[in-house]
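Quick notes on the structure that follows.
We did not get these values from a lab; they are worked out from the coordinates using the rules stated. Nothing here was measured: the structure is a model prediction, and the numbers come from that model. Positions of Cβ are backbone-derived with ideal geometry, glycine not excepted, and every protein chain shown enters the neighbour counts.
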Ligand code: DGJ
């Protein structure tokens, strides 16, 4: 009887709530059960006609940014209506686990590996009780986009490996560099030429805000905020996407970028990032490059109009290519609510390309017809 009641209830809920036919950025976004979607810092993966949205499952109250459940997943065929698929990577109740309850799991992204047939999730992991010091990249695997994902390992990328094209003369510490005062021009120069790469050479490079990108040739990359969030690193993944090839580069050294989101159009790579102001919004940046390895050309703030200097009160997390539609890209961002993280909302906006630059304009309400106007 209980089972029949819950089936009837869920059918009624889907009939009542499956009615979204537009995006309403920044507002409450209800899933097909009528509950605000809980998938923050997320990314979307497309499999066999279905989009899967993975994200940080937040909880209520000040502690709600630590992971008490794990990574959530929602599915959708139309991008407007999302069904809760539950927690697909669960934190563990075992204090010795790296993903023990109360750790920090941020910005999960899932990619499919054609060779192994596995779904590979990368995320930013902070060990319980250590603030943001661990700065690890973590990986989990599943046979199914709906999970469950099995946690594999977490670590700092590129331990003992210099980035590509790193000048030999910068491989040893410069005299007095560790005494430089932060934010002076000397200090910024030292960062640019790799002071923090040297500092972290033995223990591996930091990996905080991140995304993953699969190129047309199936090579995949982790793009991660490193060097105390001062410099982004682009690290190539092995063919099974479970490890690093040791081929990596630095992007925008000392540029202080977070929230990397990347897409490719007409053979050119575009990246949208944020600055670093904790949970507070700031001005987004954009870049383009003809190669994933750079050089990345800064293109300025992609946002225009009111509140453009605050990315419309949000922070980038991912760029979603609309499937089967050439050049339809959706910018996905989070409007964080650190006092009650569960209330964080989502700002999804269409990306327009104007004079070779991505442009974001605020929309109160929009739908995919925007792209064919
Ligand atoms: C900004 C980052 O983009 C978020 O993912 C999160 O790490 C917060 N900082 C924490 O303050």
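Numbers below:
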item: The chain: relative contact order in percent, alpha carbon pairs under 8 Å with at least 6 residues between; result: 14 percent
item: Choice from 125, 232, 188 showing the highest fluctuation, given a GNM over the chain with Cα pairs closer than 10 Å; result: 188
item: Peptides 174-184, 233-243 ordered by average Cβ neighbours within 10 Å, highest first; result: 233-243, 174-184
item: Ranked 110, 91, 50, criterion: other C-beta atoms within 10 Å, fewest first; result: 50, 91, 110
item: The stretch 38-83: C-alpha gyration tensor shape, a/c 1.5 cut-off, then a/b vs b/c; result: prolate
item: Max mean-square fluctuation residue, GNM over the chain, Cα-Cα springs under 10 Å, options 314, 286, 22; result: 22
item: Förster radius 25 Å - calculated FRET efficiency between residue 202 and residue 96, Cβ distance, rounded to 0.05; result: 0.55
item: Relative contact order for the stretch 31-155, counting Cα pairs under 8 Å that sit 6 or more residues apart, in percent; result: 20 percent
item: Likely footprinting exposure, 44, 71, 161, fewest C-beta neighbours within 10 Å first; result: 161, 44, 71
item: Label point 7 Å beyond Cα of residue 28 along Cβ direction - residues of the stretch 334-365 with amide nitrogen under 13 Å; result: 343-345
item: For peptides 199-206, 113-120, 247-254, sequence by mean Cβ density within 10 Å, most packed first; result: 247-254, 199-206, 113-120
item: Label-point gap, in nm, between residue 215 and residue 46 - each point 7 angstrom along Cα→Cβ; result: 2.1 nm
item: Global form of the stretch 31-155, assessed from the alpha-carbon gyration tensor, a/c cut-off 1.5; result: oblate
item: Between helix 2-17 and the chain: long-axis angle, C-alpha atoms, 0 to 90°, nearest 10; result: 70 degrees
item: Over the stretch 258-373, volume per residue of the alpha carbon convex hull, in Å³; result: 115 Å³
item: Among 107, 62, 208: highest mean-square fluctuation, GNM of the chain, C-alpha pairs under 10 Å; result: 62
item: 17 Å reach of a label modelled at residue 246, 7 Å along Cα-to-Cβ, counting backbone N of the stretch 113-156; result: 156
item: Taking the stretch 254-373 and dividing mean pair separation by its residue count, relative contact order in percent (alpha carbons under 8 Å, at least six apart); result: 19 percent
